[in-house]
1. What's the number of the condition Ile71 fails, among (1) of a type outside the set (S, T, N, Q); (2) without any contact (Cβ under 8 Å) to a residue 24 or more places away in the chain; (3) in a helix (DSSP H, G or I)?
2. Just for the range 74-93: of the residues that are open to solvent by less than 40 Å² (accessible area, probe 1.4 Å) and outside any helix (DSSP H, G or I), which one is farthest from Gly122 (Cα to Cα)?
3. When you go through Asn116, Asn127, Asn103, Asn139 one by one, which is the residue that is of a type outside the set (Asp, Glu) and at pLDDT below 65?
4. What pairs can you find where one residue is in the range 121-144 and under 22 Å from Phe18 (Cα atoms), the other is assigned to a loop (DSSP other than H, G, I, E, B) and among the β-branched types (Val, Ile, Thr), and their Cβ atoms are less than 8 Å apart, with a gap of 6+ or different chains?
5. If a residue has to be part of a helix (DSSP H, G or I) and surrounded by 12 or more Cβ atoms within 10 Å (Cβ to Cβ) to count, how many in the range 34-49 make the cut?
Amino acid sequence: YKTIIQPHFDYRSSVLFFFNLNQMTQLQKLQNRAMRVILHCGRLTPIDFMLNSLSFLSVSQRIYYLTMIFIFKIVKGMAPEYLTENINYTHNVHCYPTTNNSNIYISKTHKKSTMNSVFFKGYDAFNNLPIIVRESSNNNFKRELRNYIFP
């Protein structure tokens, strides 16, 4: 599973981030089928039990996890320059202190295509992470994020 199936989810995580509930359910059913084969379980085995037994994240959790890592790399300057040069923070836009000073500034838009970009939804999701996760060091971010998603 981790060498053949999961890389397909991981490689396309920034695109899969925008899937609707029906499409995400179909992907989750594929993961459930694979977990049942790995664990030799029946159809009535609870999904949470299988996820915990294998220490897997669900499909939606895994996509969210990888997208947040991608945004973290952009924020910390570990991504290519063409991605990092356009990031803007709230404290750079407003000259007065706000409660969300450390958040990524998301400009207002009315275009549906812009609202469905990783730089709109992804930044918004990153801003909604707890501060302790967002501001953790490069070495601890993945661990803190995984603990936040999968306590």
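1. Tallying (1) of a type outside the set (S, T, N, Q); (2) without any contact (Cβ under 8 Å) to a residue 24 or more places away in the chain; (3) in a helix (DSSP H, G or I), Ile71 fails exactly one: (2).
2. By that ranking, first place goes to Ala79.
3. Asn116
4. Cβ pairs passing all conditions: Tyr123/Ile106; Asp124/Ile106; Asn127/Ile106.
5. Narrowing the range 34-49 to residues part of a helix (DSSP H, G or I): 34-39, 47-49.
Checking which are surrounded by 12 or more Cβ atoms within 10 Å (Cβ to Cβ) leaves us with 34-36, 38-39, 47, 49.
Of the residues in that region, 7 qualify.
The values are calculated or read from the model by the stated rules, or taken from the named source; none is laboratory data. Treat the numbers as computed from the prediction; the structure is a model and nothing was measured. Positions of Cβ are backbone-derived with ideal geometry, glycine not excepted, and every protein chain shown enters the neighbour counts. Note: accessible area is taken over every heavy atom of the protein model, side chains too, but ligands, DNA and RNA are not part of it. Shrake-Rupley method; radii C 1.70, N 1.55, O 1.52, S 1.80 Å.
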